[in-house]
Amino acid sequence: MLDVTWELATRKGLSAVTMRAVAQELDVNPMTLYRHVGDKQGLLDGLVERLLLEIEVPEPSADWREQLSLLARSMRAMARRHPDLFLLLFQRPAVTPEAVGPRNAVYDALRAAGLPEERIPRAERLLSTFMLGFAASEAGGRFRDGDPDGDMAFAEELIVQVLAGA
């Protein structure tokens, strides 16, 4: 069912994802879907999970700088592969257990950087929002005439400086 939802969203856009449309693609009664995913929100949660599962999660034993860098590179690559679906990450939280891997990896990196535990959730939100925004801008073509890799390297340097001073 999720594969069909993904394909429908890729082909026709997120606005085309409805219980009726997915049921039609599967050639089943729409009521059948409600027993499996609850409602359209369940379908969208599945899409969010699938997007986030494409982000490579680093080993916690890696240097925290490399952990954050790998997460950013992987998110940027995923955004370039799925520029339209990627925007769903701005609209929906990660709610499934499988979808929180990237967030937990950022938490681990921030702990390794020495950030106090009470500051980690807020710092994660800021870093994740930055990474999402940068990836969306790049996937949307904002950096066509620029140097996105250089811009990201500069941003990583700034982040390291800020965290080193925390």
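The values are calculated or read from the model by the stated rules, or taken from the named source; none is laboratory data. On a predicted model such as this, the values are computed, not experimentally measured, just so you know. Quick reminder, even Gly has a Cβ in these numbers, built from the backbone with ideal geometry, and neighbours come from all protein chains shown.
Does at least one position in the range 106-125 carry a residue that is buried (at least 17 other Cβ atoms within 10 Å of the Cβ), modelled with pLDDT under 90 and either out of contact with any strand residue (DSSP E or B) (no Cβ under 9 Å at 6 or more places or on another chain) or within 28 Å of residue 44 (Cα to Cα) (or both)?
No, because not a single residue in the range 106-125 is buried (at least 17 other Cβ atoms within 10 Å of the Cβ), modelled with pLDDT under 90 and either out of contact with any strand residue (DSSP E or B) (no Cβ under 9 Å at 6 or more places or on another chain) or within 28 Å of residue 44 (Cα to Cα) (or both).
Are any residues in the range 1-43 touching a residue at least 60 places away in the same chain (Cβ under 8 Å) and in a loop (DSSP other than H, G, I, E, B), and if so, which ones? Before the answer, list the steps.
At the first step, the residues of the range 1-43 found to be touching a residue at least 60 places away in the same chain (Cβ under 8 Å) are 6, 9-10, 13-14.
Selection gives 13 alone.
Go through (1) part of a helix (DSSP H, G or I); (2) in contact with an Asp or Glu (Cβ under 8 Å, 6 or more places away or on another chain) one by one and return the number of the condition residue 154 breaks.
Result: residue 154 passes all but (2).
Determine which single condition residue 158 fails, assuming it passes every other condition in (1) loosely packed, with under 14 Cβ neighbours inside 10 Å; (2) farther than 24 Å from residue 14 by Cβ; (3) modelled with pLDDT of 85 or more.
The failed condition is (3).
Being among the β-branched types (Val, Ile, Thr) and more than 19 Å from residue 63 (Cα to Cα) is the filter here, so list the residues in the range 113-160 that pass it. Steps first, answer last, please.
In the first step, residues of the range 113-160 are kept if they are among the β-branched types (Val, Ile, Thr); the result is 120, 129, 159-160.
Scanning the range 113-160 gives a single hit, 129.
Considering each of 102, 83 in turn, give the residue that is under 20 Å from residue 46 (Cα atoms), in contact with a Ser or Thr (Cβ under 9 Å, 6 or more places away or on another chain) and not basic (Lys, Arg). I'd like the intermediate steps shown before the answer.
Numbers: 83 fails: in contact with a Ser or Thr (Cβ under 9 Å, 6 or more places away or on another chain).
Testing whether each residue is under 20 Å from residue 46 (Cα atoms), in contact with a Ser or Thr (Cβ under 9 Å, 6 or more places away or on another chain) and not basic (Lys, Arg) leaves just 102.
I need the helices (runs of 4 or more DSSP H) fully contained in the range 60-114, keeping only those with at least 3 residues that are not hydrophobic (A, V, I, L, M, F, W, C).
Values: elements: 64-81, 83-86, 88-91, 101-112.
Counting at least 3 such residues, we get 64-81, 101-112.
What's the number of the only condition in (1) assigned to a helix (DSSP H, G or I); (2) buried (at least 19 other Cβ atoms within 10 Å of the Cβ); (3) of a type in the set (A, V, I, L, M) that residue 55 fails to meet?
It fails just one condition, (1).
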